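Have a look at the structure below before the remarks.
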Amino acid sequence: MSKDSDQAETGGFRESGLTDLVNKEHRSIGTDAVIASRSREIALKAVIGLLLTLAMAFIALPVIALFFRSPLDTILETMHDPVVIDALKLSLMTSTITTFTVVIMGTPIAYVSARFNYWGKELADSLIDLPVIMPPAVAGIALLVAFGRMGLVGHYLNSFGISIAFTTMAVIIAQVFVSSPFYIRQARTSFEDVDLSLENAARTLGATRFYTFIHVILPIAMNGLISGAIMAFARSLGEFGATIMFAGNFQGRTQTMPLAIYTAMQGDLDVSLCLSIILVAFSFVVIVLVKTLTRRVCKKC
Amino acid sequence: MLEVNIKKGLRDFDLCLKLDIDRGRTLMLVGDNGCGKTSLLNLVAGLDTPDEGRISLDGRALFDSEKGINIPPESRGIGYVFQSYALFPHMSVYDNVAFGLRVRNMPASEIDALVKEHLDRAGLWDIRKAKAADISGGQKQRIALARALIIEPRLLLLDEPLSALDVRKQAIMRRELKESIRACGVPCIIVTHDLRDVVIMGDFACLLERGKVVLHGKAEEVISWGSGLDGVDDI
């Protein structure tokens, strides 16, 4: 009996020993797997971190370099240069007019595009987006052959004594052409995001389409519209290719900041650097101002 | 009295309906998803246009394909409570309820008195300043109803008004809703999946299948249609 029990015990020990061994092996395999997955995770994080750092450096470095290379006294001196004052005034004036034009014209277009289906909608949407992929120089030539003195439409306008090419109006037209898709695309998405049942609810409560648009749809889509307007403003402030082709480079009339930077670069790199800094600073101030102001207005409504 | 006799081609089938509802009576519309219940409400409200037929309310034509009449939704005087409640998220509770009165250019003092009356009745005056996006489902439902009732509609349309609430809230709101509709005294159409809604809130009911009424009768009779509806066992 005791032998049997001994044997059983021995067998039991053996069995338990075997189980321990298997468990140990399992444990060691499990630990290995955990270590392997952890090291994979760390490697992945390291790669993502490296990529992020590289991307940040790639964007930040040129901006930092711009500030490093520009001495403050030259910037202050440049600020008093009439060429710079003219260019800055013209840039801010044309970009503001462009942004208002794009918002006034683009908002109904974006709303119709978001809400209604009509014949040729695909074509219209593609046409609206076309300036985004069109090289600015091509846009400039296209505008010239359309609105220039001998252009398709310009030819007729010329007979009424209206000349657009190489005027401030041409600067604005070029800017509207290249920056409108930035606003319209963003506005279209914002309008699409407004729940249709809100619009329907307002209608059944007695609101006309226009009242509904002003009091329900517009406030809800406002943040998206503001982002779109800022994008359009920034794009028109930086517009170069289409402007120089269609409007030329005349100080006080068509020479915007990017054109002034280009012109200055032909002679003195320092001046063009200072101009760039001024442009960056102004764009930044305008964007912060617009965002702060609209946040206040939105809170009030 | 609401009289509807319309035809509308939907994506998969034709919606073909004829129904009359007297003042103060409630019709419960039941049926599977996609059978045309919400489409019917939208057609009656003027948010969609029938292909042909006639819709009239208290003898006045809202839509008549033969006479070329199609009154826009803002002029139909219909109170519509949407399934999602469709409260304006950027407005406060007060502004949501006042919306229909402001559209009508009512003086501010009258608007204030009416909104107070409706919000008091719904027990929501204390949260009048809260944004509509920040309140509970039950409160949203009450506000959506108050917003629809404050314009003194001549017809009430409710699209699954209790489906967004949990079961306990549903039972309370069902009674409340019934009382509000009765007090209003206008014809009412309620879309629902729940048989409890039909029996408690309805006077009579229609079962829709692929755009057609396949069964109709008194609300109590609906239990015998039973299959495919929620809450059969509870009743």
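Nothing in this text is a laboratory measurement; each read-out follows from the coordinates by a stated rule. Computed from a prediction, not measured in an experiment: that's the story for all the values here. Glycine gets a Cβ as well: all are built from the backbone with ideal geometry, and neighbour counts include every protein chain shown.
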Problem set entry | Taking segment B:52-185 and dividing mean pair separation by its residue count, relative contact order in percent (alpha carbons under 8 Å, at least six apart) | 31 percent
For this session: On a C-alpha basis, how far is the centre of segment A:42-110 from the centre of segment A:141-208 in Å? Whole number, if you could?
Result: 24 Å
Exercise. What are the principal axis extents of the Cα atoms in segment A:162-214, in Å, biggest first?
Worked result: 52, 23, 10
Exercise. Over 30 Å between Cα atoms, which of B:Lys18/B:Lys116; B:Lys178/B:Lys212; B:Lys37/B:Lys218 qualify?
Worked result: B:Lys18/B:Lys116
For this session: Would you list the membrane-span-like helices of chain A, meaning whole DSSP H runs whose alpha-carbon atoms span at least 24 Å along their axis and whose mean Kyte-Doolittle value is at least 0.5?
Result: A:82-115, A:218-237, A:269-300
Problem set entry | Normalised per residue, the volume of the convex hull around the Cα set of the protein assembly as shown (Å³) | 312 Å³
Exercise. Hey, what did segment A:147-301 get for relative contact order, percent, Cα under 8 Å, at least 6 apart?
Worked result: 25 percent
Problem set entry | Principal semi-axes in Å for segment B:30-125 [√(5λ), Cα gyration tensor, largest first] | 30, 19, 11
Seminar exercise, completed: Assertion target for B:Lys37, B:Lys131, ordered by fewest C-beta neighbours within 10 angstrom first, is B:Lys131, B:Lys37
Exercise. Which value in Å is the Kirkwood Rh of chain A over different Cα pairs?
Worked result: 24.4 Å
Exercise. Taking other Cβ within 10 Å of each residue's Cβ, how do A:Thr101, A:Thr212 sort, fewest first?
Worked result: A:Thr101, A:Thr212
For this session: With N set to the residue count of segment A:74-173, report its C-alpha Rg divided by 2.2 N^0.38 Å to two decimal places.
Result: 1.41
Problem set entry | Orientation-averaged projected area, Cα convex hull of chain B (nm²) | 12.8 nm²
Exercise. Given the rule -39500 (n - 2.57) for each run of at least 4 DSSP H residues, summed and divided by the residues of chain B, what is its mean residue ellipticity at 222 nm, to the nearest 500 deg cm²/dmol?
Worked result: -9500 deg cm²/dmol
For this session: Beyond 20 Å, what share of the Cα-Cα pairs of segment B:84-155 is found? Please give it as a whole percent.
Result: 19 percent
Exercise. Can you give the calculated 222 nm mean residue ellipticity of chain A, where each DSSP H run of n ≥ 4 adds -39,500 (n - 2.57) and the sum is split over every residue, rounded to the nearest 500 deg cm²/dmol?
Worked result: -28500 deg cm²/dmol
Problem set entry | Largest-first principal axis extents of the Cα set of segment B:117-188 (Å) | 32, 27, 17
Problem set entry | Sparsely packed trypsin sites (Lys or Arg not before Pro) within segment A:97-178, loop by DSSP, other Cβ within 10 Å at most 14 | A:Arg149
Exercise. Dimensions of segment A:45-133 along principal axes (Cα, Å, largest first)?
Worked result: 59, 51, 18
Exercise. When B:Met106, A:Met169 are ordered from fewest to most other Cβ atoms inside 10 Å of their Cβ, what list results?
Worked result: B:Met106, A:Met169
For this session: May I ask what percent, to the nearest 5, of DSSP beta bridges between residues of the protein assembly as shown are antiparallel?
Result: 60 percent
Exercise. Please state the Cα pair-distance histogram of segment A:139-195 with 10 angstrom bins from zero: what percent is in each bin?
Worked result: 23, 38, 20, 15, 5
